[in-house]
Structure formats: C-alpha cells, structure tokens
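Reading through the structure tokens given below for one structure.
Read the figures in this text as sums done on the coordinates, not as results from a lab. Just so you know, these numbers come straight off a predicted model, no measurement behind them. No Cβ is skipped: glycine too gets one built from the backbone with ideal geometry, and neighbour counts run over all protein chains shown.
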Amino acid sequence: MKTVPVFLRSCLVFCSLSCFFAGSTAAARTPFQVRCEDDLGKTVSLLTARQSGYSLNHALSYKDLTQMKQPGRANTVVLGLTKTQSRIEIGLAGAILQDAASGYECVAPHITVRLFYDPIVIYVGREFPQDSCAYGQILAHELRHMKVYLNHLPVVETVVRAALAHRFKARPLYAPSGTARLALEHEVNTGWLPYIKAEMAKVELQQAQIDSVQEYARLKASCNGEINSIVGPPRGR
C-alpha cells in the first residue's frame with residue numbers, strides 16, 4: 001500500500017479555507033476564486049535527484065578507518081569504509097493574490113525539491129596493496145555499499161514525487177491575508193523536510209544488512225587468511 005504524509009497542523013489554515021470556499025465551488029465560483037484559479041497559475045511541485053560520483057582513497061590505515069566508523073569500540077576492525085552525506089534542498093516561491101472583501105488571500109505554491117548525495121568516498125585501508133586479493137575483496141564489499149546508496153535515491157524520488165503530487169493538486173491554496181507564505185514555510189520545515197529526511201535515512205537499514213556477521217566471517221576467511229595476517233584476530237569489517 002502506498003502512503004503519503006499528512007501534515008495536519010501545517011495544513012490547518014489551508015484546510016479550513018478549502019471548506020470555506022467549498023460551497024461556492026460546488027455552485028458558482030466567486031470573483032476571487034476566478035482570479036485565483038484562472039489568473040494566478042497552477043500549483044507546481046518539481047523534484048529532481050542527481051548522482052555526484054565517487055572517488056577512492058587509500059591514504060588512511062585501517063585503524064584510522066576504525067576510529068572514523070566506530071570510535072571507542074573494542075574488538076572491531078574496519079578494513080574499508082564508504083562515506084557520503086545525503087542532501088535535501090527545498091525552494092519555495094509562488095504568487096499571492098489578496099481579496100480585501102473577504103480578508104483572504106490565495107497562493108499557487110511553486111515548490112522545488114533537490115535530492116542528492118555528496119560525492120561518495122570509498123576508503124580502503126592503506127595496509128592492503130591495490131593488486132592484492134585482500135584489497136579486491138574489501139573494495140568489492142564497499143562497492144556494494146555504494147550501489148545501495150545509488151539505488152536508493154531514485155526510490156526516494158518516486159515516493160516523494162507521489163506525495164507532493166497528492167498534496168499539491170495544481171490548485172491554489174487559500175488562507176487569511178498575510179498568512180499563506182508563513183503557513184507554507186511552516187509546512188515545509190516541520191512536515192516535508194523531516195519526512196524526506198526519514199525517507200533518505202531508510203538506506204541505512206539496507207547498509208546494516210550488508211555488514212552482517214556472516215559477511216565479516218566471509219571477509220576474514222577470504223584470500224587464504226591474508227586479511228587476518230595484517231590486522232590480527234579481532235572481529236570486524
């Protein structure tokens with residue numbers, strides 16, 4: 001089942017005004033509605049997602065990577081690491097018309113959302129020569145992490161695009177004069193931004209599944225013990 005976010009508090013001002021104008025919509029539109037719906041333009045929500053590429057880094061030791069990933073944790077070794085940061089940019093614009101007779105205004109929001117990751121950096125401990133079996137195994141593991149990030153972005157794009165389309169249905173929104181833009185900003189900051197962040201963060205569940213106990217054991221046993229000969233017996237990635 002598909003779900004869409006419901007930002008009740010943020011939408012109260014608009015929802016109440018929709019009810020206010022519902023009667024006139026069912027019969028004949030008021031002159032104010034005609035101005036808003038015919039002259040103001042349609043509500044628009046645009047969403048784009050882009051990839052930012054990746055790079056390899058061999059400058060840090062596995063001990064450095066362990067501190068980067070899990071500082072202070074004993075019996076853990078990080079052989080490689082895939083790092084990035086998700087970014088969300090939301091722009092809000094839109095023309096506003098006011099009606100002195102009713103004391104209301106209408107707005108056709110123009111919302112733009114950009115989703116992307118910072119360029120991904122894949123680290124492999126410098127103790128592992130790039131032509132070694134151990135390096136190949138570690139890099140292959142980290143490339144799985146990168147693939148998960150890259151595959152997750154279009155999933156979030158699809159989900160958020162559907163939610164935006166459901167919320168903003170190419171119709172102007174009505175609010176008491178002087179409140180429409182503030183209400184939209186409140187909805188974006190307290191509703192849409194946390195919602196999109198939560199969708200982006202779901203990727204970490206997939207990442208954790210890659211770093212399973214079974215995968216750690218497989219890496220340790222690979223390459224005829226080459227990895228253990230370098231890092232010793234502690235358990236870890």
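Kindly state, to the nearest 0.05, the FRET efficiency for Ala140 paired with Ala201, given R0 = 22 Å and r defined as their beta-carbon distance. Could you put the intermediate results ahead of the total?
Working: r = 25 Å, r/R0 = 1.15.
Efficiency computed from Cβ-Cβ geometry: 0.30.
Order these peptides, 180-190, 41-51, by their mean beta-carbon neighbour count within 10 angstrom, highest first.
The packing order, highest mean first, is 180-190, 41-51.
Using 1/(1 + (r/R0)^6) with R0 = 25 angstrom and r between the beta carbons of Asn151 and Arg218, what's the FRET efficiency to the nearest 0.05? Show your work: numbers first, answer last.
Values: r = 22 Å, r/R0 = 0.88.
Approximately 0.70, to the nearest 0.05.
Report, by chain and number, residues whose modeled amide H sits under 5 Å from the one on Arg171, excluding near sequence neighbours (fewer than 5 apart, same chain).
Thr43
Of the peptides 94-100, 172-178, how do they stack up when ordered by the mean number of other Cβ atoms within 10 Å, highest first? Write down the numbers at each step before the final one.
Numbers: 94-100: 15.6, 172-178: 19.1.
Taking the mean over residues of other Cβ atoms within 10 Å, the ranking is 172-178, 94-100.
What distance in nm separates the simple spin-label points at Lys83 and Val121, each placed 7 Å from Cα in the Cβ direction?
Modelled inter-label distance: 0.4 nm.
Bin all alpha-carbon pair distances of the stretch 166-237 at 5 Å intervals from 0 and give each bin's fraction as a whole percent.
3, 12, 13, 12, 9, 7, 6, 6, 6, 6, 6, 6, 4, 2, 0
Quick one: check the C-alpha center-to-center distance for the stretch 28-45 versus the stretch 186-237, whole angstrom.
Each part reduced to its Cα centre gives a spacing of 50 Å.
What distance in nm separates the simple spin-label points at Ala208 and Leu92, each placed 7 Å from Cα in the Cβ direction?
Each label point lies 7 Å from its Cα, and together they span 3.2 nm.
Please give, to one decimal in nm, the separation of the simple spin-label points placed at Asp38 and Gln51, each 7 Å out from Cα toward the Cβ.
4.9
Determine the gain in length on full extension of the stretch Leu193-Ser177; use 0.36 nm per residue of separation and subtract their C-alpha separation, reporting nm with one decimal.
On the way: separation 16, 0.36 × 16 = 5.76 nm, distance 2.52 nm.
Full extension from Leu193 to Ser177 adds 3.2 nm.
Looking at the P(r) of the stretch 11-231, how many percent of alpha-carbon pairs lie beyond 28 Å?
49
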